[in-house]
Amino acid sequence: MAEDLVLDTAIRDWVLIPLSVVMVLIGVLRYFVSKLMRSAQIPDAKLVKEGQVIVRARNLRAAANFIPPKSFRARRLYYSNEENGLLYVPKGQAPNAQAQMFSDPNMAMDMMKKNLSMIIPQTLTFAWVNFFFSGFVAAKIPFPLTQRFRAMLQNGIDLSTVDVSYVSSRSWYFLNLFGLRGLFSIILGEENATDDTQRMMQMTGFGFTQPKSLGAEKDGLDIVQHDWTMPKFERRAEAVLRKLVR
Amino acid sequence: MVTKSEEDQLNRLEAQVDNAGGGAWEYLCLVRKLKVRRPDKVLKHGLAILNDSKKRSALGTEEWTLCEQVAVAAMDCQSLDVAKDCIKVLRKRFPDSKRVGRLEGMLLEAKGLWAEAEKAYSSFLEDNPFDQVIHKRRVALAKAQGNITTAIECLNKYLDTFMADHDAWRELAEIYISLQMYKQAAFCYEELILSQPTNPLHHLAYADVLYTIGGLENLQAAKKYYASTINLTGGKNRRALFGVCLCTSAIGQLSKGRNKEDKDSPELQLLAVAALEKDYKQRAPGKLPLLTSALKSLRVSS
């Protein structure tokens, strides 16, 4: 249909705005609940030290050119020494972090809690939207879309001839889900547990292993070529002074 | 590090508050944010706010942060009664707080009861071995008692775990310098340069240490680091300029017999001398003859 459908303004008042308001309120509620439920994390000694070692090694890699070559070499040896280098991880020992994560009961509980706090509100809201707001066109997307989006965006609408730009309220829900992230970071400050999309991305890439990052740092350090920038600075200082004196 | 604009703001607020122009709360907040140490002013103005019940209730929950700040300032000024009162109030409000416990430990330190303070801190560390602030308080305790070796030991152990803490490295470097262990101090300054390569103060301190250790290679490295400080501060750092002159003359003295001199060393020294003279002419023209005679003696020996 090439003609424009006229949508009732009542839809805007009673569907779009309440849905957004409800999602914001649920997000705020979740944030406070998660703050209450967060158990005091006792950091593991080894993990803390490894984290700091990585930061220090990264600093070394980044600013290697600022220290004399001898000190750089000494530090590199200190990190990647075969016997007791800080970054050196013998091949057999690298524990599989995933197995570790599932066997450690505390961590498993924490993960479960975080996942629950994300899944339950999402499921409930989605069910609510479906129950109350399905079967009608909710909004019109201002730009044209291809036919492939029909299945995704027009779920409640059973007419196949309606333009794909007219979407159901389910798509408004998804839009809000991803879009309110910016709003939450303004309202709730940086650390908010409502960052579902980030967490979802993290879940898919769960190869977050500590020993691997140590090994990666060690390799990076081995690659670095030391090029002492100090002599260049001498010449640059001359130029600066020359300009100053003139 | 405090930037110039922040320093100006702080001075402006300080002057305003001293002349009874209001704005005491902003001043205290700024002091807290920048972690500057102004115990007498903080004590005076903080107490004024705390004792005035109207202003106190206007603060709401911030009242407790102010109480903590005033307690620390009171300990700094040795008004231990004021500190004890503040801590008592805080303890009543937050009975199980580690933060208040830390303040109590500090009060014991201020009173000079070293053993009790050490016991308190050790018990905190048993509960939470990763409390960075308590570790640092232990180092401060050892240093205040005069046990520099214990302080170094504690600090080294702390840095073994928390090696990305650049304030700790700085403290360790200063302790080593006070004990004249220059090579270790040089290592610490290298760590600092690695973590903050654009901070000229670290380059300057490192150059000073290298110059003090001596030896041709170190002197040449020191000159390079003075040059990089000049680079990073746009030629405004007088100490670096002096450093360059001294290094060049020292290198000249050491390598008098040999012929391998850097091609750009005379230029750098002459330029540094010229910049210094210009600066002194602008700011302290009375001292200019002193400067010229000192520099001339350097030039003669180079």
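Computed from the coordinates by the stated procedures, all read-outs in this text should not be read as laboratory data. This structure is a prediction, so every number in the text was calculated from the model and none was measured. Every residue, glycine as well, gets a Cβ built from its backbone with ideal geometry; the counts of neighbours run over all protein chains shown.
Structure above, values below:
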{"item": "Assigned charges on the beta-carbon of Lys, Arg, Asp, Glu; chain B dipole about Cα centre (debye)", "result": "780 debye"}
{"item": "Per-residue average of Cβ from other chains inside 10 Å of A:70-78", "result": "2"}
{"item": "Segment B:Leu288-B:Asn19, extension gain: residue separation times 0.36 nm, minus the distance between their alpha carbons", "result": "93.1 nm"}
{"item": "Calculated FRET value between A:Val22 and B:Ser5, using beta carbons and R₀ = 45 Å, to 0.05", "result": "0.55"}
{"item": "More than 16 Å apart - percent of Cα-Cα pairs taken over region B:82-167", "result": "54 percent"}
{"item": "Exposure proxy order (Cβ contacts within 10 Å, fewest to most) of B:Arg283, A:Arg170, A:Arg150", "result": "B:Arg283, A:Arg150, A:Arg170"}
{"item": "For chain B, average projected area of the Cα convex hull in nm²", "result": "19.6 nm²"}
{"item": "Other protein chain Cβ atoms within 10 Å, averaged over every residue that makes up B:222-228", "result": "6"}
{"item": "Per-residue mean of C-beta atoms belonging to partner chains within 10 Å, peptide A:58-68", "result": "6"}
{"item": "Under 18 Å from A:Lys49, Cα to Cα: lysines that are on another chain or at least 8 residues apart", "result": "A:Lys212, A:Lys218, B:Lys136, B:Lys157"}
{"item": "Contour excess over end-to-end distance, with Cα ends at B:Lys183 and B:Ile213 and 0.36 nm allotted per residue", "result": "10.0 nm"}
{"item": "Residue order, fewest to most surrounding Cβ atoms within 10 angstrom, among A:Met111, A:Met23, B:Met163", "result": "A:Met111, B:Met163, A:Met23"}
{"item": "Under 17 Å from B:Lys4, Cα to Cα: lysines that are on another chain or at least 8 residues apart", "result": "B:Lys33, B:Lys35, B:Lys236"}
{"item": "Label-to-label distance, nm, for residues given as A:Trp128 and B:Arg299 (7 Å Cα→Cβ offset)", "result": "8.3 nm"}
{"item": "Hydrodynamic radius by Kirkwood, which averages 1/r over all alpha carbon pairs of the protein assembly as shown, in angstrom", "result": "29.6 Å"}
{"item": "Pairwise FRET efficiency - A:Ala151 versus B:Asp40, Cβ, R0 = 51 Å, nearest 0.05", "result": "0.10"}
{"item": "Net charge, A:Ser169 excluded, C-beta distance under 13 Å - Lys, Arg +1, Asp, Glu -1", "result": "+3"}
{"item": "Amide H contacts of A:Ala139 (H built 1.01 Å from N, under 5 Å, at least 5 apart or other chain)", "result": "A:Val167"}
{"item": "Estimated FRET transfer efficiency (A:Lys113, A:Phe178; beta-carbon r; R0 25 Å; 0.05)", "result": "0.60"}
{"item": "Within-13-Å neighbourhood charge of B:Thr229 [Cβ basis; K, R +1; D, E -1]", "result": "+4"}
{"item": "Net +/- balance of residues flanking B:Tyr121 in space, Cβ distance below 14 Å, scoring K and R +1, D and E -1", "result": "+2"}
{"item": "Rg(Cα) / (2.2 N^0.38 Å) computed for region B:33-179, rounded to two decimals", "result": "1.12"}
{"item": "Cα coordinate range in region B:151-257, projected on the principal axes (Å, largest first)", "result": "46, 30, 18"}
{"item": "Solution diffusion estimate, µm²/s, Stokes-Einstein, region B:143-184, Kirkwood Rh from C-alpha pairs, 37 °C, viscosity 0.692 mPa s", "result": "314 µm²/s"}
{"item": "10 Å-binned pair-distance histogram of region B:16-69 (Cα, whole percent)", "result": "24, 62, 14"}
